[in-house]
Amino acid sequence: MTAKNIRALKVLVFLACLAPLGKLGLEIFGLAGLGLGANPIEELIHRLGKWGLNFLLITLAVTPLRKLTGLNWLIRFRRMLGLFTFFYILMHFLTYAGLDQRFDIPVIVEDIVERPYITLGMSALLLLLPLALTSTNGMMRRLGRRWKKLHRLVYVIAGLGVWHFYWQVKEDILEPSIYICILTVLMGYRILARWRRQRATRSAYQRSDHERTAHP
């Protein structure tokens with residue numbers, strides 16, 4: 001795919017990533033669907049959080065899709081998807097803190113300490129912050145190998161996010177269970193790929209060692 005096509009596709013992906021926010025805006029003003037229901041603030045918090053989790057899992061799916069399909073240009077969209085993950089999760093928190101709690105800091109702190117699912121969600125947001133701040137090319141060059149190690153936190157964040165969703169749901173756990181299954185598949189793929197790489201490396205080393213022994 002050419003650079004021109006990549007740029008055009010990036011614009012489309014950017015607009016698609018904004019679509020959930022646009023739909024929410026229309027629903028808030030009663031211009032789409034049935035609105036946000038009897039408890040609009042709670043519904044808004046829930047929707048923003050779920051879209052943040054959606055984008056997080058989509059971001060994690062980029063690498064497996066690239067390797068399985070051979071479409072290496074997919075990696076060019078991972079940063080954008082990751083930043084939209086942070087955007088929606090931050091909006092999720094700010095909607096809770098601003099509209100639900102009126103930025104009452106003592107009440108928010110009490111909620112974070114006493115309600116485990118909010119503790120998990122806040123932990124995920126705090127871990128996501130340094131990943132968003134270091135997503136630029138300049139930070140990648142500055143941090144070097146440390147950048148890759150830092151961004152492995154995304155796996156911890158994904159686990160916390162899914163756990164947060166599971167604990168937040170009081171009765172019907174079908175939807176969070178689906179998210180758990182998707183995350184399990186994505187993580188299972190990475191574990192299997194790493195095991196295969198290590199196995200291939202050991203095999204190559206053993207062959208090399210055998211050749212040195214056979215031909216001193």
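What distance in nm separates the two pseudo spin-label positions at Thr136 and Lys10, each 7 Å out from Cα along the beta-carbon direction?
Once both label points are built, they end up 1.5 nm from each other.
At 222 nm, what helix-only mean residue ellipticity would the chain give, in deg cm²/dmol to the nearest 500, using -39500 (n - 2.57) for each DSSP H run of four or more?
On the way: 9 runs with 173 residues, N = 216.
Result for the chain, helices only: -27500 deg cm²/dmol.
Provide Rg over Rh for the stretch 78-216; use the alpha carbon set for both Rg and the Kirkwood Rh (inverse mean inverse pair distance).
Numbers: Rg = 21.1 Å, Rh = 18.2 Å.
With Rh from the inverse mean 1/r over Cα pairs, Rg/Rh is 1.16.
Using only Cα atoms, locate the centre of the stretch 135-164 and the centre of the stretch 61-76, then give the distance between them in Å, rounded to an integer.
18 Å
Using Cα springs under 10 Å in a Gaussian network model of the chain, which residue among Arg79, Arg152, Arg141 shows the largest mean-square fluctuation?
Comparing Arg79, Arg152, Arg141 in a Gaussian network model of the chain, the most mobile one is Arg141.
Assuming R0 = 41 Å, can you tell me the calculated FRET efficiency for the pair Asp172 and Arg199, based on Cβ-Cβ distance, to the nearest 0.05? Walk me through the numbers before you get to the answer.
Numbers: r = 42 Å, r/R0 = 1.01.
E(calc), rounded to 0.05, equals 0.50.
Would you mind checking the tilt of helix 153-168 against the longest principal axis of the Cα atoms of the chain, expressed as 0 to 90 degrees and rounded to 10?
The two axes meet at around 40 degrees.
As a footprinting exposure proxy, order Val185, Val154 by other Cβ within 10 Å, with the fewest listed first. Walk me through the intermediate numbers first.
Values: Val185 13, Val154 17.
Fewest-to-most Cβ neighbours within 10 Å comes out as Val185, Val154.
On C-alpha positions alone, give me the angle between the axis of helix 40-69 and the longest principal axis of the chain, in degrees, nearest 10.
10 degrees
Number of Lys-Lys pairs in the chain under 21 Å by Cα, sequence gap 8 or more or different chains?
Pairs that pass both the separation and distance tests number 6.
Can you give me the three principal axis dimensions of the stretch 1-150 from its C-alpha atoms, in Å, biggest first?
48, 39, 26
Only the coordinates and a few stated rules stand behind these numbers; no lab work does. Bear in mind the structure is a predicted one, so any value in this text is a computation, not a measurement. Methodologically, a virtual Cβ is constructed for each residue, glycine included, from the backbone with ideal geometry; neighbour enumeration extends over all protein chains shown.
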